[in-house]
Amino acid sequence: MRAWRVREPGPMSTGPLVECSEPVPRPAAGELLVRVRACGVCRTDLHVAEGDLPVHRSGVVPGHEVVGEVLAGSRSDRFVPGDRVGIAWIRGTCGTCRYCTSGAENLCPGSTYTGWDADGGYAEFATVDAAYAHRLPGGYSDVELAPLLCAGIIGYRALRRADVPAGGRLGIYGFGASAHLAAQAALARGATVHVMTRSATARDLALGLGAASAQGTTEAPPEPLDSAILFAPVGTLVPPALEALDRGGTLAIAGIHLSDVPTLDYQRHLFLERDLRSVTANTRADAAEFLDLAATHRFRVHTTSYPLSEADTALADLAHGRVTGAAVLVP
Ligand SMILES: [Zn+2]
Ligand SMILES: [Zn+2]
């Protein structure tokens with residue numbers, strides 16, 4: 001099969017990804033073999049390729065938004081050959097620690113991740129533990145479903161972490177794949193959404209989806225916010241996002257990687273019980289809830305497709321902010 005591997009992490013200009021020809025992987029006990037039909041390109045893949053995240057598996061195949069078809073199941077009663085299935089970021093947890101046993105498996109110290117600890121979906125075939133594979137809603141194409149599997153699920157968890165009250169005012173900083181899905185989930189629940197992003201195209205997309213306003217990243221929203229989510233991996237946006245919060249507001253940082261946060265001023269940025277929170281991966285329950293929502297609420301998923309043979313171009317485009325919505329690889 002064809003697959004892309006991270007040979008030597010570094011800036012995209014150094015060509016960290018190489019395309020390989022290799023045998024189809026063999027599923028281990030409890031795993032499914034999946035023929036990849038679409039794989040989303042996530043900013044985390046860029047962090048893996050460029051070395052912002054430490055190497056967990058040398059020469060890993062990136063990609064953790066995989067939509068595919070089950071070819072062979074190994075002792076699985078959840079899926080049969082021919083089923084459409086999703087492979088997402090969380091790949092395994094220990095199942096016994098205090099986090100796993102209290103509904104917080106996203107914090108399991110023994111957790112493993114697709115496209116970081118194990119090979120992912122920048123390939124024609126992939127494997128997944130059947131217990132961590134996702135059933136997918138109907139009414140969407142393979143390409144539309146791919147970004148739901150990380151961008152959508154993480155955006156959904158970020159919304160929960162941001163504690164958006166019913167009918168509340170939500171600010172979204174950065175408007176890529178995850179943000180455009182989180183905005184729709186918030187609007188569906190009656191929130192007023194304000195978007196702060198550097199990209200004029202993304203501002204147009206935000207307004208088209210129903211955002212009340214769209215402005216540049218460092219501009220203040222037109223009203224104080226109950227909640228904000230920082231999707232851009234830019235630490236210098238933390239102070240303006242905190243300053244935009246009303247009393248008692250919450251800022252959730254959605255990314256796995258963030259550049260340095262500047263010194264905060266306690267009175268300006270934190271006092272009056274403003275909360276600053278991170279978002280760390282997701283639980284399988286978050287994923288199931290979000291995919292259930294996607295079954296009943298039709299998300300408009302903006303995608304740009306690339307052939308699998310252009311995975312490096314897709315990642316470079318993401319690095320340079322040239323992708324509107326979500327990039328998706330199609331083998
Ligand atoms: Zn655990
Ligand atoms: Zn991701």
Task: For the stretch 306-317, Karplus couplings with θ = phi - 60° (6.51, -1.76, 1.60), whole Hz, Gly/Pro x - done: 10, x, 3, 5, 10, 4, 5, 5, 4, 5, 5, 4
Open item on the list: Please list, ordered by chain and number, the residues whose modelled amide H lies under 5 Å from the amide H of Leu225; skip anything fewer than 5 residues away on the same chain.
Closed with: Leu245, Asp246
Task: Angle between the chain longest axis and helix 151-161 axis [Cα atoms, degrees, rounded to 10] - done: 40 degrees
Open item on the list: I'd like the orientation of helix 284-296 relative to the chain: the angle between its Cα long axis and the longest Cα principal axis, in ° from 0 to 90, rounded to 10.
Closed with: 80 degrees
TODO: May I ask you to evaluate 6.51 cos²θ - 1.76 cosθ + 1.60, the Karplus curve with θ = phi - 60°, for each residue of the stretch 27-41 and list the ³J(HN,Hα) values in order in whole Hz, giving x for glycine and proline?
DONE: x, 7, 4, x, 9, 9, 9, 10, 8, 6, 10, 6, 9, x, 9
Task: For the stretch 17-26, 3J(HN,Hα) per residue [Karplus equation, 6.51 cos²θ - 1.76 cosθ + 1.60, θ = phi - 60°, Hz, x = Gly/Pro] - done: 9, 10, 8, 10, 10, 7, x, 5, x, 9
TODO: Given the peptides 292-301, 181-190, arrange them by the average over their residues of other C-beta atoms within 10 Å, most packed first.
DONE: 181-190, 292-301
Task: Nitroxide proxy distance, nm - points 7 Å out along Cα→Cβ at Ser305 and Met1 - done: 1.9 nm
Task: Loop chymotrypsin sites (Phe, Trp or Tyr not before Pro), the stretch 1-95, which have at most 10 other Cβ atoms in a 10 Å radius of their Cβ (DSSP) - done: none
Task: Label zone at Leu71 (point 7 Å along Cα-to-Cβ), backbone N below 13 Å, the stretch 104-144 - done: 123-128
Task: Amide H partners (placed H, <5 Å) of Leu276, local residues excluded - done: Leu251
Task: the stretch 62-94 and the stretch 135-192: distance between their alpha carbon centers, rounded to Å - done: 22 Å
TODO: Grab the Cα-Cα distance for Val80 and Asp52, subtract it from 0.36 nm times how many residues apart they are, and report the gain in nm with one decimal.
DONE: 6.3 nm
- [ ] May I ask you to give the percent of accessible area on the stretch 196-296 that is carbon plus sulfur, with a probe radius of 1.4 Å?
- [x] 50 percent
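The values are calculated or read from the model by the stated rules, or taken from the named source; none is laboratory data. These figures come from a predicted structure and were not determined experimentally. As a convention, Cβ positions derive from the backbone with ideal geometry for all residues, glycine included, and neighbour counts pool all protein chains shown. In case anyone asks, the SASA skips ligands and DNA or RNA and just uses the protein heavy atoms, side chains included. Shrake-Rupley method; radii C 1.70, N 1.55, O 1.52, S 1.80 Å.
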